[in-house]
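What follows is calculated from the coordinates using simple rules that are stated; it is not laboratory data. Quantities reported herein were computed from a predicted structural model and do not represent experimental measurements. All Cβ positions, glycine included, derive from the backbone under ideal geometry; neighbour counts span all protein chains shown.
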Amino acid sequence: MARNRRFSRTGADSTDNWNRGVIPQRVMDRAHEKIVRSMNGCWISTYSTASHGYAQVGWQSKADGRGMVLAHRAVWEKFNGPVPIGMTLDHLCREKRCVNPAHLRLLENFENGRRTHGANWKLGECANGHPNSMLAEDPHRKDKAGNLRSGKRCAGCRKLHQARNNWRTRHPGEPIPEVLLLASERRELGAAA
């Protein structure tokens, strides 16, 4: 039986097209039916979850081959059609097992990748409120082994971190002034007050 290329990362089209296969209609229907409706409007999938916490549904048949897809993606495609290349689904409700299409939104892969650990800052901004126009390649970023890291970094945040480091060097043991606080630190101070 031919291997379903939907989730295969090998082959000529592996970087742009690895997740473009067709989800069988019966799988979309199954993912939509096996849910528990919660009080907050989430449709919690009863399918098993992978180590990343998202529910997943699989299939195997002679006609469709073998494959697996995240349950929320299957339900999204049932109601809205395929997810465009370069886009991903983001849970507005922050519940990884929710498959309610009203709780999902399309985001660019880059923007979704920045929204880690439950951070939900405004679209088009970094975690500290600087506009995405300040994102730039950072030639000085290195990994733990000292190798240059590719990727973009907010120039405003880089300057803020440099200023914080300078302050700590010149004023050891003193609290950082309010103008040099990160957005997360400002939120903590506001919550404590």
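Numbers below:
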| item | result |
| --- | --- |
| When each of Lys78/Lys152; Lys122/Lys152; Lys96/Lys159; Lys122/Lys159; Lys122/Lys144 is checked by Cα-Cα distance, pairs over 26 Å | Lys78/Lys152; Lys96/Lys159; Lys122/Lys144 |
| Phi-based couplings in Hz for the stretch 31-47 (Karplus 6.51, -1.76, 1.60; Gly and Pro marked x) | 4, 6, 7, 8, 9, 10, 7, 9, 5, 8, x, 6, 9, 7, 5, 8, 6 |
| Contour minus Cα-Cα distance for Ser48 and Thr169 (0.36 nm per residue) | 38.5 nm |
| Likely footprinting exposure, Thr169, Thr49, fewest C-beta neighbours within 10 Å first | Thr169, Thr49 |
| Relative exposure of Cys157, Cys98, Cys93, judged by other C-beta atoms within 10 Å (fewest first) | Cys93, Cys157, Cys98 |
| Table column - 3J(HN,Hα) (Hz), the stretch 148-155, Karplus curve with 6.51, -1.76, 1.60, x for Gly and Pro | 5, 9, 8, x, 9, 9, 6, 5 |
| Within the stretch 32-66: backbone nitrogen closer than 18 Å to the Cys93 label point (7 Å, Cα to C-beta) | 32-50, 53-57 |
| Residue-wise HN-Hα coupling along the stretch 172-180, computed from phi with Karplus coefficients 6.51, -1.76, 1.60 (Hz; x: Gly, Pro) | x, x, 8, x, 5, x, 4, 5, 9 |
| Selection from Leu180, Cys126, Pro139, by position along the positive dipole direction of the stretch 126-193 (Cβ) | Pro139 |
| Cα gyration tensor shape for the stretch 126-193, rounded if a/c is under 1.5, else prolate or oblate | oblate |
| Residue order, fewest to most beta carbons within 10 Å, for Trp121, Trp59 | Trp121, Trp59 |
| Percentage relative contact order, the stretch 58-112, counting C-alpha pairs under 8 Å, at least six apart | 31 |
| Whole-number D in µm²/s for the stretch 35-80 (Stokes-Einstein; Kirkwood sum over Cα pairs; 25 °C, 0.890 mPa s) | 208 |
| Potential extension, Ala136-Asp29 segment - 0.36 nm per residue separation minus Cα distance | 34.2 nm |
| Amide H contacts of Leu104 (H built 1.01 Å from N, under 5 Å, at least 5 apart or other chain) | Leu92 |
